[in-house]
Each structure stands twice: as C-alpha cells, then as structure tokens.
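So the structure is just underneath, and the comments pick up after that.
The values are calculated or read from the model by the stated rules, or taken from the named source; none is laboratory data. Remember, predicted model here, so these are calculated numbers, not experimental data. Using ideal geometry, Cβ is built from the backbone for each residue, glycine included, and neighbour counts are taken over all protein chains shown. Heads up: the accessible areas ignore ligands, DNA and RNA and are worked out on the full protein's heavy atoms, side chains in. Shrake-Rupley method; radii C 1.70, N 1.55, O 1.52, S 1.80 Å.
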Amino acid sequence: MRRRRMLGLTGIALTTGAAGCLTNPEGGSGAADEHSATPSDTADSGAGTPTETDAGSATDAPSSASAVTEPIYELWGAYNDEDAGRLVDTYHPEAPDAPTESSIPFQGTVTIESTTVLARSEDSATVEVEATISGELNESQTQLFELRRHDGEWKVWSYEEAGDGSSEPATPQAVFEFEFDESAAGASDEGVLRITHSGGDNIDAARLYIRGTGIVETSGATPDVTKQDTDWGSATGTTEVTAGTEITVGVTSDCDIRVVWATESTSQTLASYQGPGN
C-alpha cells in the first residue's frame, strides 16, 4: 500500500525520508541547492518528452528541463531558500494533501540528481525523481510526483515515497494498433508487424518492451525489432512513445506478441497481438 507523504511538508519532517529523486520521462535532471530553481522550458504543448537526464541545481535548473518538471525544481528551490509561500504556490490549489506555510519543516539542502517522466497525458503526468539531501540529513531517496494542469500550468498534485519499493508508478493507459504485412518479408511464413501508439498516455520508451513468441530476423526486410524482449527506446532511438509513434517487428505468421510496460519490480501487458497463422 502506498504511503502518501507530501514531501514531509505536511507536518512530517524530511527525517522521514522526504528528499526526492525523480526520473523524468521528459528526461530532465538537475541539482537543487540553497536557492530557488526556475528551469527553462522545452516545447510543451501538452505532450512531453519523457526521459530527460540533466544535471543542475535547484537554483540553476538544467536548460533541458521542461514545463512538466519545472514545478519540482521550483519546489525544491523554494525549500532550499526556506521560502514557504513560494513552495506552497507550486501545488495545485485542489491538491488533497497540499502543505500550508506553517507546516513545512526545513532541514538540509535538496539536490535533484535526475527526473524522469514515467507517464504523461494532456492534463496529468507522473514523474520519478532521484535526489540527495545534504546538511542535517544525509541520504538519497526516490520519489514519485503526480502533476496536473491548472490554468494552463503544471502544478504538483501529490507526492509519495518510492525508495522502499512500496510505491510504483501508475501503469500508463494507452491504445496500440497492429498491422501485419506478409508481403514485407521474403519467406512465406514471415512478415513485418507494425505497432502504432494510437492514443492515451505518453510513455517512457525505455520502459516499453516487445515480448512474446515468433520474433525473428526476416529476409528481405529490416524491422526495428528482431529479438525477444527488446525495449522500444533502444530499437528506435526515441525517448518517448506518443500518439502516432510506430515500431516494426520481424515476426512469423503464428507469432504471439505483447507490448509490455515494465519497471524494476513490476510489469504490465498494455496490448497483445496474434498472427494470422494462429
């Protein structure tokens, strides 16, 4: 069961393990120092670029940080500045566990090591953060943030610890379409399977795997995937799977293919396909 603790900012001090690291599917990472951070935006039209890896500080957010991760840099920057008012402003006004200015215990300095956007839709996103705390506290922690839009801006909605393995990012919701082309391969019992993300959450490509049976190297074609258990990112060179993103797989006609979203401790099949030979 997940423990919901607002950054140790609702009366539970950072000594409970509230310093965070986020992995941002948008690929942004930065280091937080004693001052506030205002990361610059990458283009953000409602779809992110999950999987960013930046190095910076809470005072100096990385230039590659995007709008969806900006509130997290700002939050830790305000924390390091001991600016309770600015920190509270990073939260969505309807967030169920938003801290108050009088409930925030300031201890140590938080440095964001990396942020990873795990899932993202038009109005919500899940971001994992890797961070360290120096000073009075000396520890590292992984945290999960949920962010939602408010008046066109991303705001922190909720926070929970993930470092103890009790928390897992929410499984993304997405739709995939499959198209089998038997004419694309040289052998009569082979073909190329095109998989298209047709809607739903944006997904970190490194967490999305092509698994199943009947995945092969095809003659006469060069699909992206020719081996079992290949992740979408390494196969295509993309960092985020969004609506319209495609991947091709070399398969036999009796293939049984699954699109699997996986973390270190869990996996979930998002879509599956059986070839015409089954």
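What number comes out for the charge environment of GLY214, summing +1 per Lys or Arg and -1 per Asp or Glu over other residues with Cβ under 14 Å away? All intermediate terms of the calculation are to be shown ahead of the outcome.
On the way: positive: ARG211, LYS227, ARG258; negative: GLU182, ASP189, GLU190, GLU217, ASP229, ASP254, ASP256.
With Lys, Arg at +1 and Asp, Glu at -1, the neighbours total -4.
I want the local charge near ALA271. Using Cβ-Cβ distances under 9 Å, sum +1 for each Lys or Arg and -1 for each Asp or Glu among the other residues.
With Lys, Arg at +1 and Asp, Glu at -1, the neighbours total 0.
Assuming 0.36 nm per residue, please report the length gained on full extension of the stretch SER219 to ALA170 beyond their Cα-Cα distance. List each step's numbers first, then the result.
Working: separation 49, 0.36 × 49 = 17.64 nm, distance 3.91 nm.
Fully extending the segment from SER219 to ALA170 adds 13.7 nm.
Using a ≥ b ≥ c from the Cα gyration tensor of the stretch 138-278 (square roots of the eigenvalues), is it rounded, prolate or oblate, where a/c under 1.5 gives rounded and otherwise the larger of a/b and b/c decides, a/b for prolate?
Numbers: a/c = 2.82, a/b = 2.14, b/c = 1.32.
It comes out prolate by the Cα gyration axes.
Which is farthest toward the positive dipole end of the stretch 165-276 among CYS255, ALA206, PRO223, measuring Cα position about the Cα centre, with Cβ charges +1 (Lys, Arg) and -1 (Asp, Glu)?
ALA206
Enumerate by residue number the GluC sites (Glu not before Pro) in the stretch 163-256 meeting two conditions: DSSP loop (anything except H, G, I, E, B), and at most 16 other Cβ atoms within 10 Å of the site's Cβ. Before the final figure, lay out the partial values.
Details: sites: GLU177, GLU179, GLU182, GLU190, GLU217, GLU240, GLU246; in loops: GLU217.
Sites meeting the loop and neighbour criteria: GLU217.
Give the residue list of trypsin sites (Lys or Arg not before Pro) in the stretch 192-259 that are DSSP loop and have at most 16 other beta-carbon atoms within 10 angstrom.
Values: sites: ARG194, ARG207, ARG211, LYS227, ARG258; in loops: LYS227.
The qualifying sites are LYS227.
Please report the net charge: other residues with Cβ closer than 14 Å to the Cβ of ILE195, K and R +1, D and E -1. Please report the intermediate quantities before stating the final value.
Numbers: positive: ARG194, ARG211, ARG258; negative: GLU177, GLU179, ASP181, ASP224, ASP231, GLU246, ASP256.
Result for the neighbourhood of ILE195: -4.
How much accessible surface does PHE178 have with a 1.4 Å probe, in Å² rounded to 10?
Around 50 Å² of this residue is reachable by solvent.
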